[in-house]
Amino acid sequence: MTDLYAVLGNPVAHSKSPLIHSEFARQTGQDMDYGAILAPLDGFAATIGRLRMEGYRGCNVTVPFKFEAFSLSTSHTERAEIAKTVNTLKFAEEGVFGDNTDGAGLVADIRNNHHVAISDKRILLVGAGGAAWGALFPLLAEMPERLIISNRTIAKAEEAVRVFSSRARRKTEFAARAFDALAGERFDIVINATSSGLKDELPALPQGLFAEGSLAYDMMYGKKTPFMTFAIEQGAEKIADGLGMLVEQAAESFFFWRGIRPETRPVIEKLKS
Ligand code: NDP
């Protein structure tokens, strides 16, 4: 029998996950079907209940249900436990297993697809929402020289530092800064983990943040954001969007479900074209 999976979100019609997982299934010869399901804003848990009844094996979870997916999981991987959000659910008789693959996807994309090392680098993470929280543990695990988290609402960045500081190795400076307190600082990798690009806005970052040879990474994909334009004007050497992260986090989910690691490169190339 074909194994059923889906992505749940609201909205969800725009999701590229069905295409990505169909490619992975074809590539690895897995008998599975992956769809997109619109869950009502007040009906996430009920939708999960229905999918389990119908024999689904698991699902991905996107905006705005990642926190609810965490609460609903009966057990979590370490990285999900730390991030307090879940984007991947695996259904079993014993319960619902929750994982968070977003951060691992980001790190894999930067390191393997953009060929930029994170260890010993100066990293600026802009944003303190679900995506930033998911990225913190995997980024800290790479042991950068500095990891500075900055957010429009600074209290959320400070809270992230409180929660994650025990995960930082001694060699990594890990701190929160308000946008204006970044003036005069230089970074090798600047990651935009805000949703500012959705509204064609630019976080109010100071000038001169990009060190020579730096990478500017926007987690958003599908359009050139004001952050990317700013980074080009400010002399960042490499500009990346979040398409590779999307495919890499999907590959991590696929591995969580099927125990097989698909090739990501051909799928990234297919999506780009
Ligand atoms: P959240 O809603 O949880 O967080 C939004 C964040 O953006 C907050 O830090 C918020 O700041 C900040 N923000 C929004 N507008 C602005 C602005 N105009 N200026 C400055 N800061 C702003 O969203 P997520 O964390 O879930 O997602 C963030 C982005 O990451 C989205 O664009 C999403 O599409 C992308 N993403 C990409 C993935 C991929 O695979 N490529 C995976 C997951 C997410 P404040 O706290 O002050 O409100």
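The values are calculated or read from the model by the stated rules, or taken from the named source; none is laboratory data. Everything numeric in this text was worked out from a predicted model, so none of it was measured. Glycine gets a Cβ as well: all are built from the backbone with ideal geometry, and neighbour counts include every protein chain shown. Ligands, DNA and RNA are excluded from the accessible area calculation, which covers all protein heavy atoms including side chains. Shrake-Rupley method; radii C 1.70, N 1.55, O 1.52, S 1.80 Å.
Looking at segment 226-273, which of the residues that are more than 30 Å from F187 (Cβ to Cβ) and free of Cβ contacts under 8 Å to residues at least 12 places away in the same chain is surrounded by the most Cβ atoms within 10 Å (Cβ to Cβ)? By that ranking, first place goes to F255. A single member of T62, T28, T47 is over 21 Å from the mean Cα position of the chain (by Cα) and either within 16 Å of the ligand (Cβ to nearest atom) or open to solvent by less than 30 Å² (accessible area, probe 1.4 Å) (or both), and it is T47. You will find that of S22, S71, S17, the residue that is open to solvent by 40 Å² or more (accessible area, probe 1.4 Å), of a type outside the set (A, V, I, L, M, F, W, C) and within 16 Å of the ligand (Cβ to nearest atom) is S71 and no other. Beta carbons closer than 9 Å, at least 6 apart along the sequence or on distinct chains, pair a first residue in segment 44-55 that is under 15 Å from S73 (Cα atoms) with a second that is part of a helix (DSSP H, G or I) and open to solvent by 90 Å² or more (accessible area, probe 1.4 Å) for A45/S71. Restricted to segment 190-217, and to residues there that are assigned to a strand (DSSP E or B) and either over 21 Å from I154 (Cβ atoms) or not assigned by TED's automatic domain parsing to the domain that holds H115 (or both), the residue that is farthest from the ligand (Cβ to nearest atom) is E212.
Could you count how many residues in segment 132-170 are surrounded by fewer than 22 Cβ atoms within 10 Å (Cβ to Cβ) and over 21 Å from N87 (Cβ atoms)? Selection size over segment 132-170: 15. Within segment 140-175, the set of residues being small (G, A, S) and assigned to a helix (DSSP H, G or I) comprises A141, A155, A157, A160, S165, S166.
Taking the condition surrounded by 24 or more Cβ atoms within 10 Å (Cβ to Cβ), small (G, A, S), away from the ligand (no atom under 12 Å from the Cβ) and within 23 Å of A13 (Cβ to Cβ), does A36 pass?
Values: surrounded by 24 or more Cβ atoms within 10 Å (Cβ to Cβ): no; small (G, A, S): yes; away from the ligand (no atom under 12 Å from the Cβ): yes; within 23 Å of A13 (Cβ to Cβ): yes.
Spelling it out, it is not the case that A36 is surrounded by 24 or more Cβ atoms within 10 Å (Cβ to Cβ), small (G, A, S), away from the ligand (no atom under 12 Å from the Cβ) and within 23 Å of A13 (Cβ to Cβ).
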